[in-house]
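Following: one structure in structure tokens, then a few remarks.
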Amino acid sequence: MKQVRLKALATLLLLLMFPICMEAKRFDEIKLGMTQSEVRALVGKPKFKRMNYDSEQWEYHSLKLDGSVVYITTVDFANNHVVACNSYERPNTSIDYTPQYQVPLPYGRMPMYRNVMDDADFNVFYRYVVNETFDDNKLKLITVGSLNGGFSCRQCARMMDVFNFDDKKLKVIKIMAPRLVDRMNTTMILSKLTFESSKEEAARMLGIPWGNMR
């Protein structure tokens with residue numbers, strides 16, 4: 001009788017552990033270049049989604065068997081393909097987890113971002129971008145890095161300086177504009193552009209009244 005109970009307990013533990021082990025295994029199978037459909041088929045629907053024009057981040061949560069730890073996996077996409085996948089853990093609490101990235105309010109109101117990249121982290125981010133050889137790779141790095149919080153207009157303007165021509169600088173604005181926290185300072189972004197047509201396009205991306213700034 002005792003052996004039967006032990007076998008039943010062992011079977012129950014295996015059943016409890018199996019989904020967690022399988023989930024971890026599936027995340028290990030995520031590869032760079034996979035499409036969103038392939039990732040969804042592999043690990044299912046994400047708990048949270050964050051979008052930024054042509055980039056997107058999916059976040060998955062799973063619990064340790066005893067419930068003490070939450071395992072978090074983020075999958076970053078650019079142009080519908082995986083460009084990064086990261087996992088970490090945090091203690092489980094009774095407080096609901098809320099994503100830190102939020103859509104900013106319309107121009108002229110206080111932003112809703114709670115987290116802005118500090119100067120030390122931005123300097124590291126900036127050096128990674130500068131050290132890339134090709135412009136397309138620089139823009140991909142900016143896309144992925146911009147999924148991790150808000151930016152100041154000064155930081156955006158500095159990132160624009162990495163590029164020589166307006167077309168690339170406009171792409172930087174397109175990536176970072178939804179995450180700017182101090183839109184009252186957008187003039188320092190516009191000042192980095194050469195042509196009036198580029199400034200007008202940038203103003204549209206930033207959601208500011210271009211006619212009043214000319």
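Between Glu38 and His61, what FRET efficiency follows from the Cβ-Cβ distance if R0 is 25 Å, with the result rounded to 0.05?
0.75
Testing the spin-label approximation: label points 7 Å from Cα along Cα→Cβ at Phe195 and Asp28. State their distance in nm.
5.2 nm
Label Phe48 and Ser87 with points 7 Å out from Cα along Cα→Cβ: what is the distance between them in nm?
1.9 nm
Between Val70 and Asn137, what FRET efficiency comes out of the Förster formula 1/(1 + (r/R0)^6) with R0 = 41 Å and r the beta carbon distance, rounded to 0.05?
Rounded to the nearest 0.05, the efficiency is 0.80.
Rule-based calculations on the coordinates, nothing more; no lab input. None of these values were measured; they are calculated from a predicted model. Cβ coordinates were reconstructed from backbone atoms using ideal geometry, including for glycine residues, and neighbour counts include every protein chain displayed.
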